[in-house]
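Heads up, the thing below is written out as structure tokens.
The values are calculated or read from the model by the stated rules, or taken from the named source; none is laboratory data. Nothing here was measured: the structure is a model prediction, and the numbers come from that model. Cβ placement follows ideal geometry from the backbone for every residue including glycine, while neighbour counts extend to all protein chains displayed.
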């Protein structure tokens, strides 16, 4: 069902995109009666459209507005993907009992799509100080958890520059990412709203492991396949040295690597 809120916007299955008179996109057929696979747009749910009425104030404004619209459509292709490409579980399984700390750690590492990576900064004004950044991650395809976080990064990122200078980092996940803590009315800082910090050395993925890293990242984050190659994207992983978990009241758990890798999130 299509519901129109105002000129220039449509909503389909809770995902919206702009509609213009001159859109020609191989992924979207605006004049087709058949609704295509929904595209997810990571630029933002609401995208500004430029209907023909905005072109009536003169040739200069027309050129400017068309340029903005073209830029938007170009960016949309880079940051959008078909939902059919995204490998996601129909529902995330219930967390394991909090007493099973190793299994909880593996559960969070596997079902988290992103985390907070902390490095030692090389930026001039904060050189030597902690710097945190958000990264999409995957420890493997949904049916194959390794417990090792993989990343798809570019040298243009400040965090990657930090890692080239000092390769050690901490990656933090929070159960507040999903609905569990919200449904339980747990504040993100409530110890019952679990948080996991994995600390270790960030290394570039070796050739023999590239196929797995690619499958791990692109199956969970398919839009990455379309990111501009001139940014020189490459794969990294976190080689673990410590697993820190708080998932209940009464203190934290330092889980041995042997226990961590022996456990399963399933």
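Condition first: surrounded by fewer than 16 Cβ atoms within 10 Å (Cβ to Cβ) and not in a loop (DSSP other than H, G, I, E, B). Can you find one or more residues in the stretch 138-160 that meet it? The answer is yes; a qualifying residue exists. Is it the case that the stretch 107-125 has a residue that's part of a helix (DSSP H, G or I) and touching a helix residue (DSSP H, G or I) at 6+ places or on another chain (Cβ under 7 Å)? Looking for residues that are part of a helix (DSSP H, G or I) and touching a helix residue (DSSP H, G or I) at 6+ places or on another chain (Cβ under 7 Å), one finds at least one in the stretch 107-125, hence yes.
Going through (1) surrounded by fewer than 18 Cβ atoms within 10 Å (Cβ to Cβ); (2) assigned to a loop (DSSP other than H, G, I, E, B) one by one, residue 199 falls short only on (2). Residue under question is residue 205, and the condition is that it be in the same structural domain as residue 105 (by TED's automatic domain parsing), closer than 28 Å to residue 153 by Cα, free of Cβ contacts under 8 Å to residues at least 60 places away in the same chain and in contact with a strand residue (DSSP E or B) (Cβ under 7 Å, 6 or more places away or on another chain); does it hold? When the stated conditions are applied, residue 205 passes them.
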